[in-house]
Amino acid sequence: MGVMIALGTTIIIPGVVAHFMTGAAAGVIGNRAGGRRGAVLGAFSNGLLITFLPLFLLPVLGDMGLSNATFSDSDYGVVGLFLGGLSSVGGQIALVVGIILSVVLLYVLTFLKRKQKVVETAEAATATK
């Protein structure tokens with residue numbers, strides 16, 4: 001908040017519950033990936049994201065009629081910025097095409113990951129024989 005005051009931007013009051021819940025999850029995942037250092041860096045970077053992403057999202061929400069509304073979740077901020085950018089570049093058609101492409105990409109990645117898992121399982125079974 002001090003940085004926002006110093007920069008003269010809108011001041012986002014961080015949600016305590018969101019910071020606690022998502023920060024804890026980021027800390028747990030960070031701990032698994034990088035030990036204590038990963039836990040600290042994961043929770044810290046998550047805190048920065050959910051504090052500053054709403055600041056960048058305010059213009060997009062203002063265009064939708066939700067001015068001065070913020071949502072303190074990083075996935076909402078990232079997706080909102082992506083969809084807001086698509087909407088401002090190409091309007092409703094670009095927005096619909098972007099959503100469809102995102103869903104197709106999700107299914108393709110899921111299919112590839114599942115196929116990779118089947119191959120790894122078959123290789124592991126072959127190696128144990």
Of every Cα-Cα pair in the stretch 9-65, the percent that sits beyond 14 Å: 58 percent
So I have (1) 12.3; (2) 7.9; (3) 11.2, and one of them is mean projected area of the Cα convex hull in nm² calculated from this model. Which one is it? (3)
Find the accessible area per residue for the chain; the probe is 1.4 Å, ligands and nucleic acids are left out, and the unit is Å². 73 Å²
Roughly how many nanometres apart are two label points built 7 Å out from the Cα toward the Cβ at Arg37 and Met1? 3.3 nm
To the nearest 10 square angstrom, what accessible area does Met4 show with a 1.4 Å probe? 0 Å²
Most mobile listed residue (Thr22, Thr110, Thr51) in the chain, GNM with C-alpha springs under 10 Å: Thr110
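Over the chain, what percent of the accessible surface lies on carbon and sulfur atoms, probe 1.4 Å? Mind dumping the intermediate values first?
Details: 6720 of 9460 Å².
Carbon-and-sulfur percentage of accessible area, whole number: 71.
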Among Ser102, Ser87, Ser45, the residue with the largest mean-square fluctuation in a Gaussian network model of the chain built from Cα contacts under 10 Å is Ser102
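Could you calculate the contour length gain from Ile11 to Phe111, that is, 0.36 nm times the residue separation minus the distance between their Cα atoms, to one decimal place in nm? Could the numbers behind the result be given before it?
Numbers: separation 100, 0.36 × 100 = 36.00 nm, distance 4.26 nm.
Length gained, Ile11 through Phe111: 31.7 nm.
List the relative contact order of the chain as a percent without decimals, with contacts defined as Cα pairs under 8 Å and 6+ residues apart.
On the way: 98 pairs, mean separation 19.7, N = 129.
The normalised contact order for the chain reaches 15 percent.
The values are calculated or read from the model by the stated rules, or taken from the named source; none is laboratory data. Just so it is clear, the structure is predicted and the values come from calculations on it, not from any experiment. Here the Cβ is made from the backbone with ideal geometry for all residues, glycine too, and neighbour counts use every protein chain on show. SASA here: full protein model, heavy atoms, side chains in, ligands and nucleic acids out. Shrake-Rupley method; radii C 1.70, N 1.55, O 1.52, S 1.80 Å.
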